[in-house]
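The values are calculated or read from the model by the stated rules, or taken from the named source; none is laboratory data. Keep in mind the model is a prediction, meaning the values are calculated, not measured. Backbone-built Cβ (ideal geometry, glycine too); neighbour counts: all protein chains shown. In case anyone asks, the SASA skips ligands and DNA or RNA and just uses the protein heavy atoms, side chains included. Shrake-Rupley method; radii C 1.70, N 1.55, O 1.52, S 1.80 Å.
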Amino acid sequence: MATLGIIGSGRIGTAIARLAVNAGIDVVMANSRGPQTLADLVSELGERATAGTPEQAAAAGDQVVVTIPLENFRALPAESLAGKVVLDTMNYYPHRDGRIPALDSEQLTTSEMVQEHLSGARTVKVFNNIFWSHIPEVARPAGAPDRSALPIAGNDAQAKVEAAALISALGFETVDVGALADAWRFEPETRAYVRPYAADRTASMAQIRDGAPAGPLSAADLRSLLNRAERVRVADRTF
């Protein structure tokens with residue numbers, strides 16, 4: 001099976017890596033601190049996992065997950081990612097990333113901004129609306145009655161097809177939201193963000209961060225949430 005590059009070894013990147021190796025997919029992990037800092041993680045992941053630089057993960061991956069703080073997106077190796085399907089998990093949190101005028105003014109969504117930097121890549125937004133610990137909890141094989149769905153957005157139709165196939169192998173259905181400009185429908189504080197994957201959908205963000213268990217979110221229920229989405233004022237974002 002194809003190789004998945006993962007740039008970013010935090011909680012989301014690690015959760016995706018575990019699903020990938022369990023699905024028989026080779027992964028090349030990278031972070032900003034160097035391959036030597038990933039020795040314990042790749043040992044835990046097993047023989048399908050190796051560590052490399054971001055450039056090496058980009059070159060090795062048939063598809064590449066980018067999951068780093070948005071403030072560092074310009075450090076992504078644009079040249080090495082040219083031609084690749086890039087799965088962008090990044091969200092804008094002003095308290096962490098600083099103020100970004102193009103996002104505050106809603107000229108761009110986060111993934112449109114990332115796509116401008118990665119001009120030769122084909123960016124697909126995904127895995128940004130689910131809490132990291134819920135990713136392995138709700139992943140299910142194809143055909144499972146309680147299989148959950150994730151929203152995706154992208155400007156390249158074939159890239160979304162390829163991304164959906166990978167996401168299916170990892171354990172999720174997908175709901176196509178449209179172009180990167182439409183990705184606001186599942187960004188922070190929208191109806192489809194994090195809470196719908198909690199077993200108790202009234203759980204607070206603090207409760208979810210403290211370990212509130214996950215529950216399934218069907219494609220039909222996700223589609224309903226996306227269709228009823230109201231755009232959150234990015235400049236006023238608090239979480």
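Quick one: pull the percentage of alpha-carbon pairs in region 115-187 with a separation above 17 Å.
Distances greater than 17 Å cover 44 percent of the Cα pairs.
Determine, for each peptide in 150-156, 223-229, the mean count of other beta carbons within 10 angstrom over its residues, then list the peptides with the highest first.
150-156, 223-229
Quick one: pull the percent of accessible area on the chain belonging to carbon and sulfur, 1.4 Å probe, ligands and nucleic acids left out.
Accessible surface attributable to carbon and sulfur in the chain totals 48 percent.
Any idea how far apart E189 and Q158 come out in nm if each label point goes 7 Å out from Cα toward Cβ?
Between E189 and Q158, the simple spin-label model gives 3.9 nm.
Out of every Cα-Cα pair in the chain, what percent are more than 27 Å apart?
The calculated P(r) of the chain puts 29 percent of pairs beyond 27 Å.
Solvent-accessible area of R99, probe 1.4 Å, all protein chains present, reported in Å² to the nearest ten, please.
Rounded to the nearest 10, that gives 130 Å².
Work out the charge dipole of the chain with +1 on the Cβ of Lys and Arg and -1 on the Cβ of Asp and Glu about the Cα centre, then indicate which of G46, S133, S224 is farthest towards its positive end.
The Cα lying farthest towards the positive end belongs to S224.
Could you tell me the center-to-center distance, by alpha carbons, between region 168-224 and region 84-161 in angstrom?
Comparing the Cα centres of region 168-224 and region 84-161, I get a distance of 12 Å.
Considering only S105, A78, T37, whose Cα is most displaced toward the positive end of the charge dipole of region 1-119, charges sitting on Cβ of Lys, Arg (+1) and Asp, Glu (-1)?
So the residue furthest toward the plus end is T37.
Can you pull the accessible area of M205 for me, 1.4 Å probe, Å² to the nearest 10?
Counting only protein heavy atoms, M205 exposes about 30 Å² to solvent.
Quick one: Kirkwood hydrodynamic radius for region 2-124, alpha-carbon pairs, angstrom, one decimal?
For region 2-124, the Kirkwood estimate is 14.5 Å.
Would you mind working out the accessible area per residue for region 149-239, using a 1.4 Å probe, and quoting it in Å²?
45
Given the options P145, P35, P77, which has the most mean-square fluctuation in a GNM of the chain, springs set between C-alpha atoms less than 10 angstrom apart?
Most flexible of the set in this elastic network: P145.
Using amide H atoms built 1.01 Å from N in the peptide plane, name the residues 5+ places from V175, or on other chains, whose amide H lies under 5 Å from its own.
L150, I152
State in Å² the accessible area per residue of region 1-133; use a 1.4 Å probe, count heavy atoms of protein chains only, and round to the nearest integer.
I get 41 Å² per residue for this part.
Once you place label points 7 Å from the Cα toward the Cβ at S119 and S204, how far apart are they in nm?
Taking the two extended label points, one gets 4.7 nm.
Report, in deg cm²/dmol and to the nearest 500, the calculated mean residue ellipticity at 222 nm for the chain, where each DSSP H run with n ≥ 4 adds -39500 (n - 2.57) and the sum is divided by the residue count.
The helix contribution divided over the chain gives -8500 deg cm²/dmol.
Counting Lys and Arg as +1 and Asp and Glu as -1, each charge on the Cβ, what is the dipole of region 34-171 about the Cα centre in debye, to the nearest 20?
With only Lys, Arg, Asp and Glu charged at Cβ, the dipole is about 220 debye.
Below 8 Å between Cα atoms, with a sequence gap of 6+, how large is the relative contact order for region 1-158 in percent?
Taking the mean separation of contacting Cα pairs over the length of region 1-158, I get 20 percent.
Report, by chain and number, residues whose modeled amide H sits under 5 Å from the one on D26, excluding near sequence neighbours (fewer than 5 apart, same chain).
L4
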